[in-house]
Amino acid sequence: MAPNVPLAPKLNGTCTQGEGEASPDKLAAVSGEIRGKHPRAEVRTFVLDFAAEGLAAKVAALGDSIRGLDVGVLVNSAGMSYPYARYFHEVDEELMRNLIRLNVEALTRVTHAVLPGMVERKRGAIVNIGSGASSILPSYPLYSVYAATKA
């Protein structure tokens, strides 16, 4: 899964990472809409595949791209689950690694990249979106690795 990371900090001080396939065309369309409604806004986009190898270097590049910008709110909502229910011992290594990388490591690294600017400016907020599944079925049987990463 490759979440979109639209950046429009001069408009509303928000940096988001969200669920859905990253698409340069989709980001360009959203950026165009923002620019159309707010012509003086500075809009930057950054496509980042959180499930791919080399996450640390890619998030460092994201950090470089927002350095000096007044990002006031970071919304961490990227995530993935299993394609279907399975017992813990049936979860293969690749799926387990991808769940942990996307649901835990990506959120942690993006927060680490954005937070220093907030601390320096002495303002900002970080919103971490968990899983709606926990409100429906708190123990989430047959999705144990997912439940652990979204706890």
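The values are calculated or read from the model by the stated rules, or taken from the named source; none is laboratory data. Since the structure is predicted, the reported quantities are computational estimates derived from the model, not experimental observations. All Cβ positions, glycine included, derive from the backbone under ideal geometry; neighbour counts span all protein chains shown.
Out of the residues in the range 85-135 meeting the condition of being of a type in the set (A, V, I, L, M, F, W, C) and modelled with pLDDT under 90, tell me which one is farthest from residue 51 (Cα to Cα). Within the range 85-135, the match that is farthest from residue 51 (Cα to Cα) is 133. Among the criteria (1) in a loop (DSSP other than H, G, I, E, B); (2) at pLDDT 80 or above; (3) buried (at least 17 other Cβ atoms within 10 Å of the Cβ), the one residue 22 does not fulfil is (2). Please determine whether any residue of the range 28-37 is at pLDDT below 85, out of contact with any Ser or Thr (no Cβ under 9 Å at 6 or more places or on another chain) and surrounded by 15 or more Cβ atoms within 10 Å (Cβ to Cβ). No, every residue in the range 28-37 fails to be at pLDDT below 85, out of contact with any Ser or Thr (no Cβ under 9 Å at 6 or more places or on another chain) and surrounded by 15 or more Cβ atoms within 10 Å (Cβ to Cβ).
Where helices (runs of 4 or more DSSP H) fall entirely within the range 80-151, those with at least 2 residues that are among the charged types (D, E, K, R) are at 93-100, 107-121. When each of 49, 70 is tested for being in a loop (DSSP other than H, G, I, E, B), among the acidic types (Asp, Glu) and surrounded by 15 or more Cβ atoms within 10 Å (Cβ to Cβ), the lone residue that passes is 49.
Just one of (1) on the phi > 0 side of the Ramachandran plot; (2) touching a residue at least 12 places away in the same chain (Cβ under 8 Å) trips up residue 111, so point out which. Of (1) on the phi > 0 side of the Ramachandran plot; (2) touching a residue at least 12 places away in the same chain (Cβ under 8 Å), only one is false for residue 111: (1).
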